[in-house]
1. When you scan the stretch 48-67, do you find a residue that is on the phi > 0 side of the Ramachandran plot, in a loop (DSSP other than H, G, I, E, B) and away from the ligand (no atom under 11 Å from the Cβ), even just one?
2. Does any residue in the stretch 56-81 that is at pLDDT 95 or above come within less than 7 Å, Cβ to Cβ, of a residue that is among the β-branched types (Val, Ile, Thr) and within 16 Å of the ligand (Cβ to nearest atom) six or more places away or on a different chain, and which pairs are these?
3. For the stretch 95-137, which positions are in contact with an Asp or Glu (Cβ under 6 Å, 6 or more places away or on another chain) and over 23 Å from TYR30 (Cβ atoms)?
4. Would you check if ARG106 is more than 16 Å from the ligand (Cβ to nearest atom), touching a Ser or Thr at 6+ places or on another chain (Cβ under 7 Å), modelled with pLDDT of 95 or more and not aromatic (Phe, Trp, Tyr)?
5. If I ask for residues that are of a type in the set (Phe, Trp, Tyr) and free of Cβ contacts under 8 Å to residues at least 12 places away in the same chain, which ones from the stretch 20-55 would you list?
6. Only one of (1) farther than 17 Å from LEU114 by Cα; (2) more than 16 Å from the ligand (Cβ to nearest atom); (3) in a loop (DSSP other than H, G, I, E, B) is not met by GLN32, so which one is it?
7. Could you run through the stretch 74-87 and say how many residues are buried (at least 17 other Cβ atoms within 10 Å of the Cβ) and not in a loop (DSSP other than H, G, I, E, B)?
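The values are calculated or read from the model by the stated rules, or taken from the named source; none is laboratory data. Model, not experiment: these values are computed from the prediction. As a convention, Cβ positions derive from the backbone with ideal geometry for all residues, glycine included, and neighbour counts pool all protein chains shown.
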Amino acid sequence: MTVSEATRARVRAAAGERCGYCRVPARHVYAQMQIDHILPQSKGGRDDESNLWLSCPRCNGFKRDQTQGLDPVTGRRLRLFNPRRQVWERHFRMNDDGTIIGRTARGRATIEALHMNYTPSVMIRRNLLRAGWQPSP
Ligand SMILES: [Zn+2]
């Protein structure tokens, strides 16, 4: 199945036009933002709006068909952050330098799985923060 344009538009609006994982605003991403299947289609995830969220190509590219990540502190495997059902600020915070810090084991596991602190991504977030183009941490 494919996701209709109307559904895509609703998902983009619900996500506030930014990546549900790293929070980069869509207007500052050179490539087209993607509709993420929170539960991947390869694992039975459907095209229902409840399973969809907005993602930047980098986060979605690293996420692929993963549903779990490894928390580097506890060594536990945990389900990835669900940007539709969970509150970003509860699981993550963003430092002034653009680094995303995990507040919870699930947040840390998601940061690792999605490589959210990849150096160029951190530099872009830092510059967006300094320019006032990214909501402040
Ligand atoms: Zn992202």
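1. Step one: list which residues in the stretch 48-67 are on the phi > 0 side of the Ramachandran plot, which gives 64.
Next, from what is left, pick out any that are in a loop (DSSP other than H, G, I, E, B): 64.
Now drop any that are not away from the ligand (no atom under 11 Å from the Cβ), which leaves 64.
Yes: one or more hits.
2. Partner pairs satisfying both residue conditions: CYS56/VAL24; CYS56/VAL29; GLY69/THR110; LEU80/THR110; PHE81/THR110.
3. ALA105, ARG108, ALA109
4. On the way: more than 16 Å from the ligand (Cβ to nearest atom): yes; touching a Ser or Thr at 6+ places or on another chain (Cβ under 7 Å): no; modelled with pLDDT of 95 or more: yes; not aromatic (Phe, Trp, Tyr): yes.
Against the criterion (more than 16 Å from the ligand (Cβ to nearest atom), touching a Ser or Thr at 6+ places or on another chain (Cβ under 7 Å), modelled with pLDDT of 95 or more and not aromatic (Phe, Trp, Tyr)), ARG106 does not qualify.
5. To start, the set of residues in the stretch 20-55 that are of a type in the set (Phe, Trp, Tyr) comprises 21, 30, 53.
Correct list: TYR30 only.
6. Every condition holds for GLN32 apart from (2).
7. 1
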